[in-house]
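Heads up: the structure comes next, in structure tokens.
The values are calculated or read from the model by the stated rules, or taken from the named source; none is laboratory data. Note that this is a predicted model, so its numbers are computed, not measured. Cβ coordinates were reconstructed from backbone atoms using ideal geometry, including for glycine residues, and neighbour counts include every protein chain displayed.
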Amino acid sequence: MTVAARLKIGEVSKQTNVAVGALRYYENLGLLNAERGDNGYRYYAPEVVQQVQFIKKAQALGFSLEDIGDVLTVHEQGDVPCELVRSLLQEKIEQITAQIKEMEAFKADLESYRDRWAASQPRPQPGDICPLIERCR
């Protein structure tokens with residue numbers, strides 16, 4: 001990579017609107033590659049701008065940085081990772097569906113407590129903070 005073709009971390013940050021600290025973190029995770037100059041500065045290839053934009057879009061879709069790393073690895077091996085992306089997306093949908101069911105059950109439990117407590121006037125015992133919660137079953 002020629003000196004003119006390299007970007008400093010601040011330039012990548014400005015072009016992608018991603019904080020320098022986040023870029024360093026991505027590099028530490030292996031999502032980005034940088035070369036170190038004799039001056040100790042990180043230098044990135046111009047393609048890293050597109051890569052950072054990809055990372056941000058994938059995060060916005062709910063992909064974890066680990067998932068994104070797997071996708072980038074497949075890409076770097078010369079393959080198109082779309083099947084992996086579809087598979088990861090399906091897993092994410094299944095996780096969210098399970099979380100929704102859990103949250104709906106939790107909401108029903110809370111509504112049940114609310115309804116039972118509406119007519120309840122328990123007397124606090126010595127040391128009680130809130131008898132509603134302390135006598136909760």
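Results, tabulated for the structure shown:
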{"read-out": "Test: Y26 is touching a Gly at 6+ places or on another chain (Cβ under 6 Å) and either modelled with pLDDT of 95 or more or not assigned by TED's automatic domain parsing to the domain that holds L89 (or both)", "value": "no"}
{"read-out": "Residue tally, condition in a helix (DSSP H, G or I), without any contact (Cβ under 8 Å) to a residue 12 or more places away in the chain and over 16 Å from the mean Cα position of the chain (by Cα), over the stretch 13-27", "value": "3"}
{"read-out": "Filter pass, R86 being surrounded by fewer than 13 Cβ atoms within 10 Å (Cβ to Cβ), at pLDDT 95 or above and not assigned by TED's automatic domain parsing to the domain that holds I9", "value": "yes"}
{"read-out": "Scan of the stretch 28-46 for residues that are of a type outside the set (K, R), surrounded by fewer than 12 Cβ atoms within 10 Å (Cβ to Cβ) and out of contact with any helix residue (DSSP H, G or I) (no Cβ under 7 Å at 6 or more places or on another chain), ordered by number", "value": "N28, E35, D38, N39, G40"}
